[in-house]
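Down below is the structure, laid out as structure tokens.
The values are calculated or read from the model by the stated rules, or taken from the named source; none is laboratory data. It should be emphasised that the depicted structure is a prediction, and the values quoted were computed from it without experimental measurement. Cβ coordinates were reconstructed from backbone atoms using ideal geometry, including for glycine residues, and neighbour counts include every protein chain displayed.
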Amino acid sequence: MERLIVIVGPTAVGKTQVSIDLAKKLNTDIISGDSMLIYRNLNIGTAKPSLAEQQGITHHLVDILDATESFSVVDFQQQAAQLIHSINNQGRIPILAGGTGLYVKSLLEGYCFNPSSGDETIRKRLENLVQEYDNNYLHNMLAQVCPEKAAKLHPHDVRRVIRALEVYEIEGKTPSETASCKKGHLLYDAVVIGLTMQRERLYERINRRVDAMLAQGLIEEVQLLLSRGVSPNNQSMQGIGYKEVIQYLKGESDLAATAENIKRATRHFAKRQLTWYRKMPYIQWVETDSFSEYDKMLAYIYSIIAGRF
């Protein structure tokens, strides 16, 4: 089995810094497991590490697409698997820095996704239903054919609700029929480290990060993207921070409300991430608050990895 190190955890917990420091120590590359870092020119709102912050470490699956392009979990599975194979062949163990739970879980457990490429006619019809009625109408449609999938998706997550219904109409199968090819076995010889911290402290970090993003020019970043022809409907613009700023630019909220909306959405996202990761029993959790110094925590994580490999 090919070897892999994985660093997961909620947003703002410190995955980026830990991954970079470990990569320096192990002389290896980082593979991004974040669905938003793939886009060029989405820097501030994605908390993308700058070239200086990357400290010379090669980061794969970062800045690989224009903001008008789409990227799926299947695309991620295929590209990440190729990178892991290549880096293992060089005698090194790559670090997957996770952020998108479905990406990480599908890669590690070998999820078999429906191969359907989609149907534009079906998609347009479903999009029109949203315009004619509302998000809840479409979500109720999904609940009728696949309650399990509907329970996992918020009615406002229109893109994924539409995709689930589209797959159902094309294949005649419910999205819940997507399953793991390996039946509970990991595809890799992997050490999976989960970073966590007290919720109050995590939320404070999230709030400070959002304030910093706005101070660094998040609104201007979104304005520039829109001026370059990126549509508010593009996949890239559905990320937290971007959709809220678009609402601000449309005059639907003031700056203070926009900041609070981003903070609230990010906090909720962090909570969902933790819920998702708690269902992955192979994660070894590291409580960052239990260490008096960052270097001690890093040494502890390194000892876990060294003990395995």
First in the stretch 75-101 and assigned by TED's automatic domain parsing to the domain that holds Phe269 and farther than 14 Å from Val62 by Cβ, second anywhere and part of a strand (DSSP E or B) and at pLDDT 95 or above, Cβ under 6 Å, 6 or more apart: Ile84/Leu4; Ile93/Arg3; Ile93/Ile5
Check on Gln131, more than 15 Å from the chain's Cα centre (by Cα), surrounded by fewer than 18 Cβ atoms within 10 Å (Cβ to Cβ) and not assigned by TED's automatic domain parsing to the domain that holds Ser35: yes
Subset of the stretch 134-189 [modelled with pLDDT of 80 or more, among the hydroxyl-bearing types (Ser, Thr, Tyr) and surrounded by 15 or more Cβ atoms within 10 Å (Cβ to Cβ)]: Tyr188
Enumeration of residues in the stretch 197-215 that are of a type in the set (A, V, I, L, M, F, W, C) and in contact (Cβ under 8 Å) with a residue 12 or more places away in the chain: Met197, Leu202, Ile206, Val210, Met213, Leu214
Subset of the stretch 285-309 that is more than 19 Å from Arg199 (Cα to Cα) and in contact (Cβ under 8 Å) with a residue 60 or more places away in the chain - its residue that is surrounded by the most Cβ atoms within 10 Å (Cβ to Cβ): Ile301
Residue list for the stretch 69-106, filter: closer than 16 Å to Thr11 by Cα and not aliphatic (A, V, I, L, M): Gly98, Gly99, Thr100, Gly101, Tyr103
Residue, farthest from the chain's Cα centre (by Cα), within the stretch 230-273, restricted to residues that are surrounded by 18 or more Cβ atoms within 10 Å (Cβ to Cβ) and aromatic (Phe, Trp, Tyr): Tyr248
When residues of the stretch 193-229 are limited to those that are of a type in the set (Ser, Thr, Tyr) and within 18 Å of Lys15 (Cβ to Cβ), the one farthest from the chain's Cα centre (by Cα): Tyr203
Residue match in the stretch 23-30 (condition: in the same structural domain as Glu220 (by TED's automatic domain parsing), assigned to a loop (DSSP other than H, G, I, E, B) and in contact with a Phe, Trp or Tyr (Cβ under 7 Å, 6 or more places away or on another chain)): no
